[in-house]
Every structure is written in structure tokens, then in C-alpha cells.
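**Q** Just dropping this structure here.
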Amino acid sequence: MCHRNAPLTPTGRMRLAWCIVEDGWPLRRAAERFQVSHTTAKRWADRYRLQGWRGMYDRSSRPHHSPAKTPAGVEEQVARLRQEHRIGPQRIAVRSHIAASTVHRILRDHHLPPLATLDRATGRPVRRYERIRPGELLHIDVKKLGRIPDGGGHRVLGRAAGRKNRDRAGLAFLHTALDDHSRLAYTEDLPDEKAATCAGFLQRAAAWFAGHGITVERVLTDNAWAYTKTTWHETCRRLGIQPRWTRLWRPQTNGKVERFHRTLLDEWAYHQPYTSDAERQAAFTDWLDWYNYHRPHTGISGQTPASRVTNVSEQHT
């Protein structure tokens, strides 16, 4: 296939060569007629004399001999290390005694997918999915986070002093409901993860999403004790929501809310040192508003979560 700036297609090359070889045109006259250099005209005329019509097509740029090519045995070793140990190019390079860039090329040539797309436990590609409309599926999970004692934790006071205050500060239980399609998130800081607490959170989350024009149809949780009790079942039934649970030992099924919690820790909880838990909580409202209405989300092609919900983003411009 010709590159996009090629002055001649195979048909044009044939016409050029025909004028020179069959009709006897001078090289320079043919070159001027087809608006190419005389060296280009000579090249296609020579190819026509040797190969005829077949010589008018582009040849492969691959060299006939590659003396510096990585030995096949080394390539097999690289592929085996990736498949057996699921490690990256840097670690494979140390074991194989070659450059990490060479390892990367070998993995690409062998069509071995990046580690980020694999399930580390099984080595199989992760099946990604996305619901087609907001509210079709809500992911719910709880993230435990150590509270910050007054005066600051180890990030402010150092590890020795922070460790003394850590035990008496207790834990925060961050309950999050995340819409699968839009990635719109609702989070509350609650004192525990008991059945009644989880059920109450679901009621408030459903009301919050309803206020944004989203009717929750299904909810997906892990198999924690609180989500298997009668309280949870009755709350779902009363709200008209179908409960769903992840497979055992498969947290990837609820990966969207797991990834949200990781973002929450990086960009809010551990983003800066706080001198008290109240100071950190005060910063949370603004951060969640920014996440929902202003932060570009790479999982949805750089859109904001609110942009996938009708008329929601316009309220927060």
C-alpha cells in the first residue's frame, strides 16, 4: 500500500514506465509529465523491464538478513517468564540479561497483553464491561480508613508519635455507591459496616441518585455478612432493586468501585498531611464534587461522570 504522500499509485507507475519503455520517452520528459524526479522515473522503468506489472507494487522494507536479531531461544525464555511468573519487562530483563526495551518488543511481537489487562491470579485477560444506561447497575463497597487523631497522624508527627495516637483514633468506614455506566459516585463516612448501617446507606444512595434522574435497578456487592442478611434483602425489595453479589474470591467483578476507592485515597485521603480527621472530612465534599462534575475520567474517554447523566453537569459549571 502506498503511503499517503506518494506521488504515484501502482497504476500511475505503470503508465510512467510504459511511456519510457514502450513508447520511448526520455526520462526527463516522462518525469516532468508525471511530476516526479528523473531518478524516480528511472527506478520504475527499470523495475518494469525486470518484473513487468508486478514490479509496480511496493516492496517490503524488512531486511533480508538481521545479524543483531535476538536469538529465538531468548525470545522463548522471555515469553515463558511472562506466562509463568506474570512479571514486567524490567524484571524479565534482569533474568534474561537483555534490555528492557528488547523485552517489551518481544512481548509485543508475541502478542502477549500488558499485565494491567490480566487477572494476576489466573493470567487470563480481564473481561471488561459497561452497562448501557445510568442506574442499570450500582456498585457498592466499603473502604476502611484510619481516622486522624487531633494534632495529626504519622504524616505530621512522624511514625513513632503517630503510632501512639492511631489506636485511639479508630476507623472510618467509607461506604460508596458507584454507577456503572456514568461512574457517578456517592460516598458516606459511617461508624461501622453492620447490616442496618449498610441498608440505611442504600436508601440514602438510592434517593441521591434519584435526585439526579437515575433510577437504580440493580446493586452489586461482595459477599460480606451485612449484604447477605435479611435487612439488606428487605431494603432492596422495598426500593425495587435487584441485589447481586460477586463470585467468591473475585473482587475484580466489583472493580469499578475498588478503583474509585484507590483514586479517593490518592487524591483526597493521602493527598496532603491533615492535622485532624475533621480537617480531612471538610476537604472531602469539595473533592467528591470535583470528581463527579469536573474531573476527566480515563475509563470513559476523558468525560466527567456527570456528563453521562442528562443535564447534571450543567448544574455544576
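**Q** Taking into account only those residues within the stretch 166-223 that are among the hydroxyl-bearing types (S, T, Y) and within 30 Å of D150 (Cα to Cα), which is farthest from the chain's Cα centre (by Cα)? Lay out the reasoning, then the answer.
**A** Here is the first cut: in the stretch 166-223, the ones among the hydroxyl-bearing types (S, T, Y) are 176, 182, 186-187, 197, 215, 221.
Now narrow it down to the ones that are within 30 Å of D150 (Cα to Cα): 176, 186-187, 197.
On the way: T176: 21, Y186: 22, T187: 22, T197: 32 Å.
The extreme case among them is T197.
**Q** Residues of the stretch 271-280 being touching a residue at least 40 places away in the same chain (Cβ under 8 Å) and either in contact with a Pro (Cβ under 8 Å, 6 or more places away or on another chain) or assigned to a loop (DSSP other than H, G, I, E, B) (or both), which ones? Break it down into steps so the answer makes sense when it comes.
**A** First, pick out the residues of the stretch 271-280 that are touching a residue at least 40 places away in the same chain (Cβ under 8 Å): 273-277, 279-280.
Those that are touching a residue at least 40 places away in the same chain (Cβ under 8 Å) and either in contact with a Pro (Cβ under 8 Å, 6 or more places away or on another chain) or assigned to a loop (DSSP other than H, G, I, E, B) (or both): P273, Y274, T275, S276, D277.
**Q** Also: From (1) within 30 Å of R124 (Cα to Cα); (2) touching a residue at least 40 places away in the same chain (Cβ under 8 Å); (3) assigned to a helix (DSSP H, G or I); (4) among the charged types (D, E, K, R), pick out the condition that doesn't hold for D266.
**A** Just one mismatch for D266, condition (2).
**Q** Follow-up question, since we're still on this one. Output the qualifying pairs, or none if there are none: Cβ atoms under 9 angstrom, residues six or more apart or on different chains, first residue in the stretch 180-192 and farther than 25 Å from T310 by Cβ, second residue loosely packed, with under 15 Cβ neighbours inside 10 Å and not polar (S, T, N, Q).
**A** The qualifying pairs are P191/G170; P191/L171; D192/L171.
**Q** Can you tell me which residue within the stretch 189-235, out of those that are in contact with a Gly (Cβ under 8 Å, 6 or more places away or on another chain) and not in a helix (DSSP H, G or I), is nearest to L288 (Cα to Cα)?
**A** Selected residue: I214.
**Q** Residues of the stretch 25-40 being aliphatic (A, V, I, L, M) and either assigned to a helix (DSSP H, G or I) or in contact (Cβ under 8 Å) with a residue 40 or more places away in the chain (or both), which ones? Before the answer, list the steps.
**A** Taking the stretch 25-40 first, the residues aliphatic (A, V, I, L, M) are 27, 30-31, 36.
If the condition is that a residue be aliphatic (A, V, I, L, M) and either assigned to a helix (DSSP H, G or I) or in contact (Cβ under 8 Å) with a residue 40 or more places away in the chain (or both), then L27, A30, A31 are the ones that fit.
**Q** If you don't mind, another one. What number of residues within the stretch 237-258 satisfy the criterion of being touching a helix residue (DSSP H, G or I) at 6+ places or on another chain (Cβ under 8 Å), under 12 Å from H139 (Cα atoms) and of a type outside the set (S, T, N, Q)?
**A** Count: 5.
Results for (1) of a type in the set (F, W, Y); (2) touching a Phe, Trp or Tyr at 6+ places or on another chain (Cβ under 7 Å); (3) more than 30 Å from A99 (Cα to Cα), shown as yes or no for each residue.
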{"position": "T11", "(1), (2), (3)": "no, no, yes"}
{"position": "W18", "(1), (2), (3)": "yes, no, yes"}
{"position": "E22", "(1), (2), (3)": "no, no, yes"}
{"position": "Q35", "(1), (2), (3)": "no, no, yes"}
{"position": "W53", "(1), (2), (3)": "yes, no, yes"}
{"position": "R62", "(1), (2), (3)": "no, no, no"}
{"position": "E75", "(1), (2), (3)": "no, no, no"}
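**Q** Can you tell me which condition Q90 does not meet? The list is (1) surrounded by 11 or more Cβ atoms within 10 Å (Cβ to Cβ); (2) not aromatic (F, W, Y); (3) not in a loop (DSSP other than H, G, I, E, B), and all the others hold.
**A** (1)
**Q** Same structure, new question: Is it the case, given these coordinates, that R108 is part of a helix (DSSP H, G or I) and of a type in the set (D, E, K, R)? Lay out the reasoning, then the answer.
**A** Numbers: part of a helix (DSSP H, G or I): yes; of a type in the set (D, E, K, R): yes.
So R108 passes the test.
No lab work stands behind these numbers, since they all come straight from the coordinates. Keep in mind it's a predicted model, so treat the numbers as computed, not measured. Ideal geometry is used to build each Cβ from the backbone, glycine not excepted, and the neighbour counts take in all protein chains shown.
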